Amino acid sequence: MADTFSGELREAHAAAREEVRELSDWNAWIDGTAVAGDGSLETIDPAVNEPITTVTRCGASDVETAVETAQRTFDARWSESTPRERSRLLFEWTDRLHDHVEELTLIECLDTGKPRSQARGEVEGAIDTLEYYASLCRVQDGRQIATDDDLHLYTRTEPYGVVGQIVPWNFPIWAAAWKLGPALATGNTVVLKPSTDCPLSTIRIAELSAGILPDGVLNVVPGTGSTVGAAITDHEDIRKLSFTGSVGVGTEVMKSAADTLTPVTLELGGKSPFLVFPDADLDMAVEAVANGIFYSTGEICDAFSRALVHEDVHAEFVDRFVEMAESYVLGDPLDEETTMGPLTSQGQYETVTDYVEHGVDEGATLLTGGGPPDDETLRDGWFFEPTVFGDVDNDMTIAQEEIFGPVQTLNTFSTYEEAIELANDTQFGLAAGIATERTDLAHGAAADLEAGVVYVNEYGPILPEAPYGGFKASGIGKDLGTDVLEHYQRTKSVYVNLDEPSC
(Lines give C-alpha, C1' and ligand atoms only; values in the text may rest on other atoms or scores of the structure.)
Protein backbone atom coordinates (compact mmCIF):
# COMPACT_ATOMS: atom_id res chain seq x y z
CA MET A 1 0.00 0.00 0.00
CA ALA A 2 1.58 3.24 -1.14
CA ASP A 3 2.14 5.96 1.45
CA THR A 4 1.96 8.76 -1.11
CA PHE A 5 0.58 9.19 -4.61
CA SER A 6 2.48 11.51 -6.92
CA GLY A 7 1.18 13.85 -9.59
CA GLU A 8 -1.68 16.31 -9.76
CA LEU A 9 -4.87 15.64 -7.80
CA ARG A 10 -6.66 13.73 -10.57
CA GLU A 11 -3.57 11.64 -11.43
CA ALA A 12 -2.85 10.83 -7.78
CA HIS A 13 -6.44 9.77 -7.14
CA ALA A 14 -6.48 7.57 -10.23
CA ALA A 15 -3.49 5.66 -8.83
CA ALA A 16 -5.07 5.44 -5.38
CA ARG A 17 -8.36 4.14 -6.77
CA GLU A 18 -6.49 1.46 -8.72
CA GLU A 19 -4.94 0.22 -5.47
CA VAL A 20 -8.38 0.05 -3.85
CA ARG A 21 -9.85 -1.88 -6.78
CA GLU A 22 -7.09 -4.48 -6.47
CA LEU A 23 -7.90 -5.17 -2.82
CA SER A 24 -11.28 -6.83 -3.37
CA ASP A 25 -14.09 -7.59 -5.78
CA TRP A 26 -16.29 -5.61 -3.37
CA ASN A 27 -19.09 -8.11 -3.05
CA ALA A 28 -21.47 -8.88 -0.20
CA TRP A 29 -20.08 -10.94 2.68
CA ILE A 30 -22.42 -13.78 3.66
CA ASP A 31 -21.57 -16.99 5.51
CA GLY A 32 -17.86 -16.19 5.54
CA THR A 33 -17.49 -15.72 1.79
CA ALA A 34 -17.84 -13.03 -0.87
CA VAL A 35 -21.18 -13.22 -2.67
CA ALA A 36 -21.88 -11.44 -5.96
CA GLY A 37 -25.38 -10.11 -6.47
CA ASP A 38 -27.39 -9.49 -9.60
CA GLY A 39 -26.77 -5.75 -9.68
CA SER A 40 -24.13 -3.22 -8.75
CA LEU A 41 -23.68 0.16 -7.09
CA GLU A 42 -21.06 2.70 -8.08
CA THR A 43 -19.17 4.45 -5.30
CA ILE A 44 -17.68 7.84 -6.17
CA ASP A 45 -14.44 9.58 -5.21
CA PRO A 46 -15.83 12.99 -4.14
CA ALA A 47 -12.52 14.81 -4.57
CA VAL A 48 -12.62 14.37 -8.35
CA ASN A 49 -16.14 13.06 -8.99
CA GLU A 50 -14.82 9.83 -10.54
CA PRO A 51 -15.94 6.23 -9.81
CA ILE A 52 -13.79 4.31 -7.33
CA THR A 53 -15.30 0.91 -8.03
CA THR A 54 -18.57 -0.99 -8.24
CA VAL A 55 -20.07 -2.83 -5.29
CA THR A 56 -22.55 -5.69 -5.33
CA ARG A 57 -26.11 -4.44 -5.04
CA CYS A 58 -28.02 -6.90 -2.88
CA GLY A 59 -31.73 -7.55 -2.97
CA ALA A 60 -34.32 -8.84 -0.54
CA SER A 61 -33.38 -12.44 -1.37
CA ASP A 62 -29.78 -11.75 -0.31
CA VAL A 63 -31.02 -10.39 3.00
CA GLU A 64 -33.10 -13.54 3.44
CA THR A 65 -30.03 -15.69 2.81
CA ALA A 66 -27.96 -13.62 5.23
CA VAL A 67 -30.58 -13.85 7.98
CA GLU A 68 -30.99 -17.61 7.52
CA THR A 69 -27.21 -18.00 7.66
CA ALA A 70 -26.91 -15.80 10.75
CA GLN A 71 -29.71 -17.71 12.49
CA ARG A 72 -28.18 -21.09 11.66
CA THR A 73 -24.78 -19.99 12.93
CA PHE A 74 -26.30 -18.54 16.07
CA ASP A 75 -28.20 -21.74 16.86
CA ALA A 76 -25.38 -24.14 16.03
CA ARG A 77 -22.31 -22.26 17.17
CA TRP A 78 -22.29 -18.68 18.35
CA SER A 79 -25.00 -18.79 21.03
CA GLU A 80 -23.03 -21.54 22.77
CA SER A 81 -19.71 -19.68 22.59
CA THR A 82 -18.24 -18.54 25.88
CA PRO A 83 -17.31 -14.94 26.68
CA ARG A 84 -13.68 -16.06 26.83
CA GLU A 85 -13.89 -17.52 23.32
CA ARG A 86 -15.62 -14.48 21.86
CA SER A 87 -13.03 -12.22 23.45
CA ARG A 88 -10.18 -14.24 21.95
CA LEU A 89 -11.70 -14.19 18.47
CA LEU A 90 -12.47 -10.47 18.55
CA PHE A 91 -8.90 -9.73 19.61
CA GLU A 92 -7.58 -11.91 16.78
CA TRP A 93 -9.73 -9.90 14.38
CA THR A 94 -8.51 -6.56 15.71
CA ASP A 95 -4.90 -7.77 15.50
CA ARG A 96 -5.45 -8.38 11.80
CA LEU A 97 -7.15 -5.01 11.36
CA HIS A 98 -4.12 -3.33 12.93
CA ASP A 99 -2.02 -4.84 10.14
CA HIS A 100 -4.28 -3.19 7.56
CA VAL A 101 -4.63 0.33 9.04
CA GLU A 102 -3.07 2.14 6.07
CA GLU A 103 -5.14 0.15 3.59
CA LEU A 104 -8.36 0.91 5.49
CA THR A 105 -7.31 4.56 5.81
CA LEU A 106 -6.92 4.89 2.06
CA ILE A 107 -10.29 3.24 1.47
CA GLU A 108 -12.02 5.58 3.91
CA CYS A 109 -10.22 8.63 2.55
CA LEU A 110 -11.27 7.95 -1.04
CA ASP A 111 -14.81 6.82 -0.25
CA THR A 112 -15.77 9.69 2.08
CA GLY A 113 -13.42 12.51 1.04
CA LYS A 114 -12.04 12.87 4.57
CA PRO A 115 -8.47 14.12 4.87
CA ARG A 116 -6.17 11.14 5.24
CA SER A 117 -5.15 12.12 8.76
CA GLN A 118 -8.80 12.17 9.88
CA ALA A 119 -9.55 8.90 8.12
CA ARG A 120 -6.60 7.25 9.86
CA GLY A 121 -7.83 8.46 13.24
CA GLU A 122 -11.28 7.03 12.58
CA VAL A 123 -9.88 3.67 11.47
CA GLU A 124 -7.81 3.50 14.64
CA GLY A 125 -10.85 4.60 16.65
CA ALA A 126 -12.91 1.78 15.12
CA ILE A 127 -10.29 -0.81 16.02
CA ASP A 128 -10.04 0.61 19.55
CA THR A 129 -13.81 0.29 19.90
CA LEU A 130 -13.74 -3.36 18.84
CA GLU A 131 -10.89 -4.00 21.29
CA TYR A 132 -12.89 -2.38 24.08
CA TYR A 133 -15.78 -4.78 23.54
CA ALA A 134 -13.41 -7.70 23.16
CA SER A 135 -12.25 -6.82 26.68
CA LEU A 136 -15.79 -6.47 28.02
CA CYS A 137 -16.70 -9.96 26.83
CA ARG A 138 -15.09 -11.46 29.90
CA VAL A 139 -16.60 -9.17 32.52
CA GLN A 140 -20.24 -9.88 31.73
CA ASP A 141 -22.21 -11.59 34.47
CA GLY A 142 -25.63 -11.92 36.02
CA ARG A 143 -26.50 -11.10 39.59
CA GLN A 144 -27.92 -12.81 42.65
CA ILE A 145 -30.93 -11.19 44.26
CA ALA A 146 -31.30 -11.46 48.03
CA THR A 147 -34.63 -13.01 49.04
CA ASP A 148 -36.08 -15.62 51.42
CA ASP A 149 -33.87 -18.34 52.83
CA ASP A 150 -35.71 -21.03 50.90
CA LEU A 151 -35.32 -19.31 47.53
CA HIS A 152 -32.31 -18.75 45.30
CA LEU A 153 -33.05 -15.97 42.81
CA TYR A 154 -30.61 -14.90 40.12
CA THR A 155 -30.54 -13.33 36.67
CA ARG A 156 -28.78 -14.37 33.51
CA THR A 157 -28.35 -12.45 30.29
CA GLU A 158 -28.76 -13.99 26.87
CA PRO A 159 -28.23 -12.65 23.33
CA TYR A 160 -31.22 -11.86 21.13
CA GLY A 161 -30.02 -13.91 18.18
CA VAL A 162 -29.83 -12.21 14.77
CA VAL A 163 -29.29 -8.46 14.97
CA GLY A 164 -29.94 -6.08 12.06
CA GLN A 165 -27.72 -3.02 11.82
CA ILE A 166 -27.76 -0.07 9.42
CA VAL A 167 -24.82 2.36 9.41
CA PRO A 168 -24.42 5.85 7.87
CA TRP A 169 -22.13 7.26 5.21
CA ASN A 170 -20.39 9.93 7.28
CA PHE A 171 -18.46 7.60 9.63
CA PRO A 172 -18.65 4.23 7.86
CA ILE A 173 -15.98 2.17 9.63
CA TRP A 174 -16.30 3.82 13.02
CA ALA A 175 -20.10 3.54 13.13
CA ALA A 176 -19.86 -0.10 12.08
CA ALA A 177 -17.48 -0.78 14.98
CA TRP A 178 -19.82 0.98 17.42
CA LYS A 179 -22.53 -1.49 16.49
CA LEU A 180 -20.58 -4.66 15.76
CA GLY A 181 -18.52 -4.52 18.96
CA PRO A 182 -21.30 -4.88 21.54
CA ALA A 183 -23.50 -7.07 19.33
CA LEU A 184 -20.78 -9.69 18.78
CA ALA A 185 -19.39 -9.44 22.30
CA THR A 186 -22.77 -10.38 23.76
CA GLY A 187 -23.14 -13.41 21.49
CA ASN A 188 -25.41 -12.17 18.71
CA THR A 189 -24.89 -12.71 15.01
CA VAL A 190 -25.20 -9.73 12.67
CA VAL A 191 -26.67 -8.74 9.33
CA LEU A 192 -25.32 -5.27 8.57
CA LYS A 193 -26.21 -2.89 5.77
CA PRO A 194 -23.44 -0.40 4.98
CA SER A 195 -24.07 3.00 3.46
CA THR A 196 -24.96 3.05 -0.21
CA ASP A 197 -22.55 5.97 -0.76
CA CYS A 198 -19.61 4.69 1.32
CA PRO A 199 -19.73 0.90 1.76
CA LEU A 200 -16.11 -0.04 1.11
CA SER A 201 -14.48 -0.02 4.55
CA THR A 202 -17.31 -2.02 6.10
CA ILE A 203 -17.06 -4.69 3.40
CA ARG A 204 -13.30 -4.82 3.84
CA ILE A 205 -13.30 -5.32 7.61
CA ALA A 206 -15.79 -8.16 7.12
CA GLU A 207 -13.44 -9.77 4.58
CA LEU A 208 -10.60 -9.39 7.09
CA SER A 209 -12.59 -11.46 9.60
CA ALA A 210 -12.26 -14.54 7.34
CA GLY A 211 -10.83 -17.54 9.13
CA ILE A 212 -11.26 -15.85 12.52
CA LEU A 213 -14.96 -15.25 13.16
CA PRO A 214 -17.05 -18.36 12.47
CA ASP A 215 -18.76 -18.28 9.07
CA GLY A 216 -22.15 -16.58 9.34
CA VAL A 217 -21.43 -14.55 12.48
CA LEU A 218 -20.85 -11.32 10.51
CA ASN A 219 -22.77 -10.72 7.29
CA VAL A 220 -22.60 -7.50 5.24
CA VAL A 221 -25.26 -6.84 2.60
CA PRO A 222 -24.71 -3.64 0.57
CA GLY A 223 -27.66 -2.16 -1.24
CA THR A 224 -30.24 0.60 -1.15
CA GLY A 225 -32.25 1.57 1.88
CA SER A 226 -35.53 1.03 0.09
CA THR A 227 -34.63 -2.60 -0.71
CA VAL A 228 -31.99 -3.94 1.68
CA GLY A 229 -32.78 -1.58 4.55
CA ALA A 230 -36.48 -2.34 4.32
CA ALA A 231 -35.85 -6.09 4.12
CA ILE A 232 -33.78 -5.92 7.32
CA THR A 233 -36.22 -3.78 9.30
CA ASP A 234 -39.23 -5.86 8.18
CA HIS A 235 -37.70 -9.29 8.80
CA GLU A 236 -39.47 -11.20 11.56
CA ASP A 237 -36.37 -13.27 12.41
CA ILE A 238 -34.26 -10.21 13.19
CA ARG A 239 -34.67 -9.79 16.94
CA LYS A 240 -32.96 -6.44 17.46
CA LEU A 241 -32.40 -3.38 15.22
CA SER A 242 -29.84 -0.60 15.45
CA PHE A 243 -29.92 2.33 13.03
CA THR A 244 -27.88 5.50 12.60
CA GLY A 245 -29.11 8.08 10.11
CA SER A 246 -31.72 10.74 9.50
CA VAL A 247 -34.80 11.40 11.59
CA GLY A 248 -37.09 10.63 8.66
CA VAL A 249 -35.61 7.22 7.95
CA GLY A 250 -35.29 6.47 11.67
CA THR A 251 -39.01 7.10 12.07
CA GLU A 252 -39.75 4.57 9.31
CA VAL A 253 -37.40 2.03 10.93
CA MET A 254 -39.27 2.40 14.20
CA LYS A 255 -42.63 1.97 12.47
CA SER A 256 -41.44 -1.22 10.78
CA ALA A 257 -40.05 -2.55 14.05
CA ALA A 258 -43.39 -1.98 15.75
CA ASP A 259 -45.04 -4.58 13.50
CA THR A 260 -42.74 -7.30 14.86
CA LEU A 261 -42.23 -5.77 18.34
CA THR A 262 -38.50 -5.59 17.65
CA PRO A 263 -36.48 -3.42 20.06
CA VAL A 264 -34.73 -0.52 18.32
CA THR A 265 -31.75 1.70 18.98
CA LEU A 266 -31.80 4.93 16.96
CA GLU A 267 -28.99 7.49 16.68
CA LEU A 268 -30.39 10.30 14.57
CA GLY A 269 -29.66 13.93 13.77
CA GLY A 270 -28.48 16.93 15.71
CA LYS A 271 -28.34 20.71 15.77
CA SER A 272 -25.91 21.11 18.61
CA PRO A 273 -25.37 24.45 20.42
CA PHE A 274 -22.09 25.68 21.88
CA LEU A 275 -22.47 28.29 24.63
CA VAL A 276 -19.64 30.80 25.03
CA PHE A 277 -19.91 32.56 28.39
CA PRO A 278 -18.21 35.94 29.06
CA ASP A 279 -15.42 34.42 31.19
CA ALA A 280 -14.44 31.87 28.53
CA ASP A 281 -10.92 31.43 27.20
CA LEU A 282 -11.72 32.62 23.67
CA ASP A 283 -8.76 30.86 22.06
CA MET A 284 -10.03 27.59 23.49
CA ALA A 285 -13.66 28.37 22.62
CA VAL A 286 -12.90 29.29 19.00
CA GLU A 287 -10.87 26.13 18.51
CA ALA A 288 -13.58 23.94 20.08
CA VAL A 289 -16.37 25.39 17.94
CA ALA A 290 -14.26 25.21 14.78
CA ASN A 291 -13.37 21.58 15.45
CA GLY A 292 -17.02 20.89 16.16
CA ILE A 293 -18.31 22.24 12.85
CA PHE A 294 -15.46 21.92 10.35
CA TYR A 295 -14.12 18.47 11.27
CA SER A 296 -15.17 15.98 8.58
CA THR A 297 -16.45 18.95 6.51
CA GLY A 298 -19.29 19.36 9.00
CA GLU A 299 -20.84 16.03 8.06
CA ILE A 300 -21.21 14.99 11.69
CA CYS A 301 -24.39 14.42 13.68
CA ASP A 302 -23.13 16.22 16.79
CA ALA A 303 -21.62 19.20 14.92
CA PHE A 304 -21.53 22.44 16.93
CA SER A 305 -23.51 24.16 14.20
CA ARG A 306 -24.98 26.82 16.52
CA ALA A 307 -22.60 29.05 18.46
CA LEU A 308 -24.40 31.07 21.13
CA VAL A 309 -22.05 33.79 22.35
CA HIS A 310 -22.48 36.21 25.24
CA GLU A 311 -22.92 39.79 24.08
CA ASP A 312 -19.85 40.98 26.00
CA VAL A 313 -17.46 38.83 23.97
CA HIS A 314 -19.50 38.37 20.80
CA ALA A 315 -17.62 40.82 18.56
CA GLU A 316 -14.20 39.49 19.52
CA PHE A 317 -15.35 35.88 19.15
CA VAL A 318 -16.74 36.55 15.68
CA ASP A 319 -13.51 38.13 14.48
CA ARG A 320 -11.42 35.24 15.80
CA PHE A 321 -13.78 32.60 14.53
CA VAL A 322 -13.94 33.97 10.99
CA GLU A 323 -10.15 34.10 10.94
CA MET A 324 -10.04 30.48 12.10
CA ALA A 325 -12.55 29.41 9.43
CA GLU A 326 -10.49 31.05 6.71
CA SER A 327 -7.34 29.25 7.90
CA TYR A 328 -8.55 25.78 6.89
CA VAL A 329 -6.63 24.18 4.05
CA LEU A 330 -9.01 22.77 1.44
CA GLY A 331 -7.32 20.31 -0.84
CA ASP A 332 -6.49 16.76 -1.82
CA PRO A 333 -7.64 14.40 0.96
CA LEU A 334 -4.60 12.22 0.21
CA ASP A 335 -2.32 15.09 1.23
CA GLU A 336 -1.45 14.99 4.94
CA GLU A 337 -1.40 18.81 5.00
CA THR A 338 -5.07 19.08 3.99
CA THR A 339 -7.38 20.01 6.86
CA MET A 340 -10.70 19.91 4.97
CA GLY A 341 -11.71 17.66 2.13
CA PRO A 342 -14.83 17.67 -0.05
CA LEU A 343 -18.37 16.90 0.93
CA THR A 344 -19.05 13.21 0.41
CA SER A 345 -21.52 13.40 -2.45
CA GLN A 346 -23.05 15.67 -5.05
CA GLY A 347 -26.38 15.38 -3.27
CA GLN A 348 -24.90 16.68 -0.03
CA TYR A 349 -23.13 19.49 -1.89
CA GLU A 350 -26.44 20.57 -3.37
CA THR A 351 -28.14 20.35 0.03
CA VAL A 352 -25.53 22.57 1.69
CA THR A 353 -25.69 25.04 -1.21
CA ASP A 354 -29.46 25.28 -0.87
CA TYR A 355 -29.23 25.94 2.88
CA VAL A 356 -26.66 28.69 2.40
CA GLU A 357 -28.88 30.39 -0.18
CA HIS A 358 -31.82 30.04 2.20
CA GLY A 359 -29.83 31.65 5.02
CA VAL A 360 -29.03 34.67 2.86
CA ASP A 361 -32.67 34.93 1.80
CA GLU A 362 -33.79 34.84 5.45
CA GLY A 363 -31.58 37.82 6.27
CA ALA A 364 -28.56 36.27 7.94
CA THR A 365 -25.21 37.91 7.18
CA LEU A 366 -22.72 35.75 5.31
CA LEU A 367 -19.39 36.50 7.01
CA THR A 368 -17.17 34.14 5.05
CA GLY A 369 -17.39 31.20 2.66
CA GLY A 370 -20.69 30.27 1.11
CA GLY A 371 -19.61 28.25 -1.89
CA PRO A 372 -16.82 26.32 -3.63
CA PRO A 373 -13.20 27.50 -3.29
CA ASP A 374 -11.56 29.55 -6.02
CA ASP A 375 -8.87 26.92 -6.62
CA GLU A 376 -9.54 25.60 -10.13
CA THR A 377 -7.87 22.25 -9.32
CA LEU A 378 -10.67 21.52 -6.84
CA ARG A 379 -13.60 22.44 -9.08
CA ASP A 380 -14.33 18.85 -10.19
CA GLY A 381 -14.86 17.69 -6.60
CA TRP A 382 -17.55 18.54 -4.07
CA PHE A 383 -15.49 21.06 -2.10
CA PHE A 384 -17.26 23.72 -0.04
CA GLU A 385 -15.61 26.52 1.90
CA PRO A 386 -15.98 26.87 5.69
CA THR A 387 -19.03 29.09 5.97
CA VAL A 388 -20.05 31.41 8.81
CA PHE A 389 -23.34 33.29 9.25
CA GLY A 390 -23.84 36.20 11.63
CA ASP A 391 -27.04 38.05 12.62
CA VAL A 392 -28.85 34.72 12.96
CA ASP A 393 -32.21 34.46 14.72
CA ASN A 394 -32.93 31.14 16.40
CA ASP A 395 -36.11 30.62 14.39
CA MET A 396 -34.29 30.78 11.03
CA THR A 397 -34.16 27.60 9.01
CA ILE A 398 -30.35 27.51 9.14
CA ALA A 399 -30.54 27.64 12.96
CA GLN A 400 -33.15 24.90 13.28
CA GLU A 401 -32.53 22.31 10.57
CA GLU A 402 -29.56 19.99 10.28
CA ILE A 403 -27.43 21.16 7.34
CA PHE A 404 -24.72 18.46 7.57
CA GLY A 405 -22.00 20.64 6.12
CA PRO A 406 -19.38 23.23 7.16
CA VAL A 407 -21.91 25.95 7.98
CA GLN A 408 -21.76 27.78 11.32
CA THR A 409 -24.43 30.12 12.69
CA LEU A 410 -23.62 32.75 15.34
CA ASN A 411 -26.18 34.05 17.80
CA THR A 412 -26.00 36.28 20.88
CA PHE A 413 -27.35 35.99 24.42
CA SER A 414 -27.25 38.31 27.43
CA THR A 415 -28.22 36.09 30.41
CA TYR A 416 -27.69 32.50 31.49
CA GLU A 417 -31.42 31.84 31.29
CA GLU A 418 -31.57 33.13 27.72
CA ALA A 419 -28.58 30.99 26.73
CA ILE A 420 -30.19 27.80 28.02
CA GLU A 421 -33.54 28.67 26.45
CA LEU A 422 -31.94 29.30 23.05
CA ALA A 423 -29.81 26.17 23.28
CA ASN A 424 -32.78 23.94 24.07
CA ASP A 425 -35.05 25.58 21.49
CA THR A 426 -34.62 22.79 18.90
CA GLN A 427 -36.18 19.42 18.17
CA PHE A 428 -32.74 17.81 18.57
CA GLY A 429 -30.72 16.93 21.64
CA LEU A 430 -27.64 15.00 20.60
CA ALA A 431 -24.78 17.16 21.90
CA ALA A 432 -23.97 20.55 23.36
CA GLY A 433 -20.86 22.50 24.34
CA ILE A 434 -19.91 25.00 27.01
CA ALA A 435 -16.99 27.43 27.20
CA THR A 436 -16.37 28.81 30.68
CA GLU A 437 -13.67 28.96 33.35
CA ARG A 438 -16.23 28.63 36.16
CA THR A 439 -16.79 25.14 37.52
CA ASP A 440 -20.23 25.96 38.90
CA LEU A 441 -21.34 27.39 35.56
CA ALA A 442 -20.03 24.38 33.65
CA HIS A 443 -21.82 21.86 35.84
CA GLY A 444 -24.99 23.91 36.03
CA ALA A 445 -25.24 24.31 32.27
CA ALA A 446 -24.40 20.63 31.71
CA ALA A 447 -27.40 19.76 33.89
CA ASP A 448 -29.75 22.25 32.20
CA LEU A 449 -28.90 21.46 28.58
CA GLU A 450 -31.16 18.93 26.86
CA ALA A 451 -28.45 16.86 25.21
CA GLY A 452 -27.08 13.35 25.55
CA VAL A 453 -23.44 14.45 25.30
CA VAL A 454 -21.98 17.67 26.75
CA TYR A 455 -18.45 18.95 26.10
CA VAL A 456 -16.82 21.60 28.29
CA ASN A 457 -14.08 23.73 26.70
CA GLU A 458 -13.53 21.24 23.88
CA TYR A 459 -15.05 19.23 21.07
CA GLY A 460 -14.51 15.49 21.40
CA PRO A 461 -13.15 13.01 21.93
CA ILE A 462 -15.68 10.20 21.56
CA LEU A 463 -14.45 7.30 23.65
CA PRO A 464 -15.87 3.77 23.64
CA GLU A 465 -16.05 3.84 27.44
CA ALA A 466 -18.85 6.46 27.51
CA PRO A 467 -22.47 6.11 26.30
CA TYR A 468 -23.24 8.09 23.15
CA GLY A 469 -26.71 9.07 22.04
CA GLY A 470 -29.22 11.88 22.16
CA PHE A 471 -32.45 13.18 23.60
CA LYS A 472 -35.66 14.20 21.83
CA ALA A 473 -35.54 13.73 18.03
CA SER A 474 -31.86 12.76 18.19
CA GLY A 475 -32.70 9.19 18.99
CA ILE A 476 -33.53 6.37 21.38
CA GLY A 477 -31.00 4.34 23.30
CA LYS A 478 -27.23 4.56 23.26
CA ASP A 479 -24.18 3.38 21.40
CA LEU A 480 -20.88 2.78 23.23
CA GLY A 481 -20.17 2.37 26.93
CA THR A 482 -21.13 -0.62 29.03
CA ASP A 483 -24.83 0.24 29.05
CA VAL A 484 -25.12 -0.66 25.37
CA LEU A 485 -24.48 -4.31 26.22
CA GLU A 486 -27.95 -4.37 27.76
CA HIS A 487 -29.43 -3.30 24.42
CA TYR A 488 -28.10 -6.48 22.83
CA GLN A 489 -29.16 -8.89 25.59
CA ARG A 490 -32.32 -10.21 27.17
CA THR A 491 -32.46 -10.64 30.93
CA LYS A 492 -33.91 -13.80 32.42
CA SER A 493 -34.82 -14.23 36.10
CA VAL A 494 -34.39 -17.72 37.55
CA TYR A 495 -36.17 -18.79 40.74
CA VAL A 496 -34.82 -21.91 42.45
CA ASN A 497 -36.75 -23.49 45.31
CA LEU A 498 -34.41 -24.39 48.21
CA ASP A 499 -36.98 -26.04 50.51
CA GLU A 500 -35.72 -28.94 52.57
CA PRO A 501 -36.20 -32.16 50.59
CA SER A 502 -39.05 -34.37 51.78
CA CYS A 503 -37.06 -37.57 51.58
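The values are calculated or read from the model by the stated rules, or taken from the named source; none is laboratory data. For clarity, every value in this text was computed on a predicted model and none was experimentally measured. Heads up, the Cβs are rebuilt from the backbone with ideal geometry, glycines too, and the neighbour counts pull from every protein chain shown. Each accessible area value is taken on the protein alone, full model and side chains, heavy atoms only, with ligands, DNA and RNA left out. Shrake-Rupley method; radii C 1.70, N 1.55, O 1.52, S 1.80 Å.
In terms of modelled amide H atoms, which long-range or inter-chain residues lie less than 5 Å from the amide H of residue 44?
So residue 44 has HN proximity to 52.
Please compute the length gained on full extension between residue 85 and residue 486, using 0.36 nm multiplied by the number of residues separating them and subtracting their Cα-Cα distance. Kindly include the intermediate steps, with their values, before the conclusion.
Numbers: separation 401, 0.36 × 401 = 144.36 nm, distance 1.98 nm.
Between residue 85 and residue 486, full extension yields 142.4 nm more.
With a sphere of radius 13 Å drawn around the Cβ of residue 477, what net charge do the other residues whose Cβ falls strictly inside it have (Lys, Arg +1; Asp, Glu -1)?
Working: positive: 179, 240, 478; negative: 267, 479, 483, 486.
Cβ neighbours under 13 Å give a net charge of -1.
Count the lysine pairs in the chain that are 8 or more places apart or on different chains: how many have C-alpha atoms under 29 angstrom apart?
Within the chain, the lysine pair count is 28.
Between residue 481 and residues 5 or more places away or on another chain, which pairs have amide H atoms under 5 Å apart, with H built 1.01 Å from N, and which residues are they?
465, 466
Between residue 40 and residue 457, what is the FRET efficiency for a Förster distance of 60 Å, r being their Cβ-Cβ separation, to the nearest 0.05? Spell out each step's value before the answer.
Values: r = 47 Å, r/R0 = 0.79.
Taking R0 as 60 Å, the efficiency between residue 40 and residue 457 is 0.80.
Once the Cα gyration tensor of the range 390-430 is found, what semi-axes does its equivalent ellipsoid get, as square roots of 5 times the eigenvalues, in whole Å, sorted largest first?
Square roots of five times the eigenvalues give 18, 13, 8 Å.
Across 10 Å bins from the origin, how do the percents of Cα pairs in the range 125-205 run, short distances first?
The distribution over the range 125-205 is 17, 38, 23, 12, 7, 2, given as percents.
Taking the simple approach of a point 7 Å from Cα along Cα-to-Cβ for both residue 68 and residue 316, what is their distance in nm?
6.9
Starting from the Cα gyration tensor of the range 260-324, multiply each eigenvalue by 5, take the square root, and state the resulting semi-axes largest first in whole Å.
Values for the range 260-324, descending: 31, 13, 8 Å.
Full extension from residue 236 to residue 144: what is 0.36 nm times the residue separation minus their Cα-Cα distance, to one decimal in nm?
On the way: separation 92, 0.36 × 92 = 33.12 nm, distance 3.32 nm.
Net length gain for the segment: 29.8 nm.
List the residues, sorted by chain then number, that are 5 or more residues from residue 28 or on another chain and whose placed amide H is less than 5 Å from its amide H.
35, 37, 56
Mind checking which of 329, 168, 292 is farthest towards the positive end of the chain's charge dipole, using Cβ charges of +1 (Lys, Arg) and -1 (Asp, Glu) about the Cα centre?
Among 329, 168, 292, the one farthest towards the positive end of the dipole of the chain is 168.
Step through the residues of the range 249-260 one at a time and calculate ³J(HN,Hα) from phi using the Karplus curve (6.51 cos²θ - 1.76 cosθ + 1.60, θ = phi - 60°), rounding each to whole Hz and writing x for Gly and Pro.
Values, residue by residue: 5, x, 4, 5, 4, 5, 5, 5, 5, 5, 5, 10 Hz.
Where does the chain land at 222 nm, in deg cm²/dmol rounded to the nearest 500, when only DSSP H runs of n ≥ 4 count, each adding -39500 (n - 2.57), divided by all residues?
-12000 deg cm²/dmol
Using the Karplus curve 6.51 cos²θ - 1.76 cosθ + 1.60 with θ = phi - 60°, work out ³J(HN,Hα) for each residue of the range 190-195 in order, rounded to whole Hz, and write x for Gly and Pro.
Result, rounded to whole Hz: 10, 10, 10, 9, x, 4.
Among DSSP bridges having both ends in the chain, what percentage is antiparallel? Round to the nearest 5.
Once the DSSP bridges in the chain are tallied, antiparallel ones form about 45 percent.
When Rg is the radius of gyration of the Cα atoms in the chain and Rh is its Kirkwood radius, what does Rg/Rh come to?
Result: Rg/Rh = 1.00.
In debye to the nearest 20, how big a dipole does the chain give about its Cα centre with +1 on each Lys and Arg Cβ and -1 on each Asp and Glu Cβ?
1960
Report, to the nearest 10°, how far helix 346-362 tilts away from the longest principal axis of the Cα atoms in the chain, using its own Cα long axis and a range of 0 to 90°.
50
When Lys and Arg each count +1 and Asp and Glu each count -1, what net charge do the other residues less than 9 Å away from residue 43, Cβ to Cβ, add up to?
Taking every other residue near residue 43 into account, the sum is -4.
Bin all alpha-carbon pair distances of the range 229-359 at 5 Å intervals from 0 and give each bin's fraction as a whole percent.
Binned Cα distances yield the sequence 2, 9, 13, 15, 14, 13, 11, 9, 6, 5, 2, 0.
How big is the gap, in Å, between the Cα center of the range 97-122 and the Cα center of the range 134-204?
25
Give the carbon-plus-sulfur fraction of the accessible surface of the range 321-458 in %, rounded to a whole number; probe 1.4 Å, heavy atoms of protein chains only.
C and S fraction of accessible area: 43 percent.
Can you figure out the FRET efficiency of residue 327 with residue 427, using R₀ = 41 Å and their beta-carbon distance, to the nearest 0.05?
Numbers: r = 33 Å, r/R0 = 0.80.
The formula returns an efficiency of 0.80 here.
Given N residues in the range 9-114, what is Rg(Cα) / (2.2 N^0.38 Å)?
Working it through for the range 9-114, the quotient is 1.34.
Work out Dmax and Rg for the range 16-61 from the C-alpha atoms and quote the Rg first, both in angstrom.
11.8, 35
Rolling a 1.4 angstrom probe over the protein heavy atoms, how many square angstrom per residue are accessible across the chain?
Accessible area per residue: 40 Å².
May I ask you to evaluate 6.51 cos²θ - 1.76 cosθ + 1.60, the Karplus curve with θ = phi - 60°, for each residue of the range 402-412 and list the ³J(HN,Hα) values in order in whole Hz, giving x for glycine and proline?
Whole-Hz 3J(HN,Hα) from phi for the range 402-412: 6, 8, 6, x, x, 10, 10, 10, 10, 10, 10.
Taking the Cα centre of the range 173-257 as origin, sum charge times position over the Cβ atoms of Lys and Arg (+1) and Asp and Glu (-1), and report the length of that vector in debye to the nearest 20. Please report the intermediate quantities before stating the final value.
Values: 6 positive and 7 negative charges, 42 e Å.
For this selection, approximately 200 debye.
Between the alpha-carbon centers of the range 296-361 and the range 61-85, tell me the distance in whole angstrom.
Answer, in whole Å: 44.
When the distances between all Cα atoms of the range 161-313 are binned every 10 Å from zero, what whole-number percent does each bin get?
11, 34, 27, 16, 10, 2, 0
For residue 50 and residue 495, compute 0.36 nm times the residue count separating them, minus their Cα-Cα distance, and round to one decimal in nm. Write out the running numbers ahead of the final one.
Details: separation 445, 0.36 × 445 = 160.20 nm, distance 6.25 nm.
154.0 nm is the gain from fully extending residue 50 to residue 495.
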